[in-house]
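Notes for the one structure printed next.
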Amino acid sequence: MRLVFLGPPGSGKGTQARMVGEKLGLPQISTGDILREAIARKTDLGEKAKPYMDVGELVLDEVVLPVVEKRIMEKDCMKGFILDGFPRTLGQAIGLEEVLQRLGCAVDAVIFIDVDDTVVVRRLSRRRVCPKCNAMYNLDTDPPKQEGLCDRCQVGLQLRSDDKPETIEARLLVYRKNTLPLVEYYESRGILKRIAGGGEIGKVFDSILGELSEARSS
Ligand code: AMP
C-alpha cells in the first residue's frame, strides 16, 4: 500500500505512521526527519531547508519533491510506503501524482488525522525529543522514565526549536493555508480517510487500521 498521512503539526501523524509502518511492514518516510538530519549533517539540502524550518515555514516544493522522488525509488519502497508530512502543498500533491504515474502506481489511501488547535498547541509545547535517536515523549501522556532523559539513550531531551509557542502559531497558519486544501483534493479522489485524532494513541491506531482494512477489501 502507498499511504499518505496528513494532519496539522502535533496531530500524532508521525507516531501513527511509525506504528502503522511497523504493523504493515512498510517504510515510514518523514520529510521532517530527512530535513532535520540534513541540517544536523550540514549538507546542501540542510542549508536550503534550515531558514524555513527555523521559522515554521514550508521548505520549497522544488527542494522537497526531488528528495521524496529519490527516496520512493529505493528498493524497500517497492511494495509500498507511508509518507509522513508529505505532500504539504497542492504543488507537492500534483508532483507526487506525476511521479507515481510514471512508476505505474498511485496513492491508495490518505489518512487525515483531525485534531483541534487547542490540542495541537498543548501537545507540541509538551513534546520533547531525543536529539540522538529522535524518540518522542509527551510530558503529560508519555513521559520518560527518568525526568528529562531518553529511556533508550540516556541523553538529555530537548524541546524542538520549532515547537516554541511563536513558531507553533506560524506552523498552524501555514498548515491552514497550504496543507488543509489537500483534504478536499484527496476527498474528491475518493481516497481520504478521516480519523478523529484527539483520543488515546492506541484508539487512534485502531481506527486507522480499521479504515485501512476497509480500503484494502474494497
Ligand atoms: P514535521 O517534522 O513534519 O513537523 O516538519 C517540520 C518542518 O519541516 C516543517 O515545519 C517544514 O518547515 C519542514 N517540512 C517537512 N516536510 C515538509 C514538506 N513536505 N514540505 C515543506 N516543508 C516541509
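Descriptive notes on the structure:
- Residues of the chain: accessible area per residue with a 1.4 Å probe, Å²: 53 Å²
- To the nearest 10, the accessible area of residue 1 is 40 Å² with a 1.4 Å probe.
- Among 81-90, 36-45, 204-213, sorting by the average number of other beta carbon atoms lying within 10 angstrom of each residue, highest first, gives 81-90, 204-213, 36-45.
- Within the full protein context, the accessible area of residue 201 is estimated at about 80 Å² for a probe radius of 1.4 Å.
- Computed over the chain, the alpha-carbon pair-distance distribution with 5 angstrom bins reads 1, 7, 14, 19, 21, 18, 12, 5, 2, 0, each value a whole percent.
- Environment charge of residue 155, counting only residues whose C-beta is closer than 12 Å and scoring Lys/Arg +1, Asp/Glu -1: +2
- Farthest toward positive dipole pole in the chain [+1 Lys/Arg, -1 Asp/Glu at C-beta], among 149, 198, 86: 149
- Accessible area of residue 47 in the full protein assembly, 1.4 Å probe (Å², nearest 10): 120 Å²
- The lysine pair tally for region 92-218, using Cα distances under 26 Å and a gap of 8 or more places or different chains, is 7.
- This model, with +1 at the C-beta of Lys and Arg and -1 at the C-beta of Asp and Glu, gives the chain a dipole about its Cα centre of some 440 debye.
- DSSP beta bridge pairing in the chain, given as percent antiparallel to the nearest 5: 25 percent
The values are calculated or read from the model by the stated rules, or taken from the named source; none is laboratory data. Just so it is clear, the model here is predicted, and its values are computed rather than measured. With ideal geometry, Cβ positions are generated from the backbone for all residues, glycine too; neighbour counts draw on all protein chains shown. Heads up: the accessible areas ignore ligands, DNA and RNA and are worked out on the full protein's heavy atoms, side chains in. Shrake-Rupley method; radii C 1.70, N 1.55, O 1.52, S 1.80 Å.
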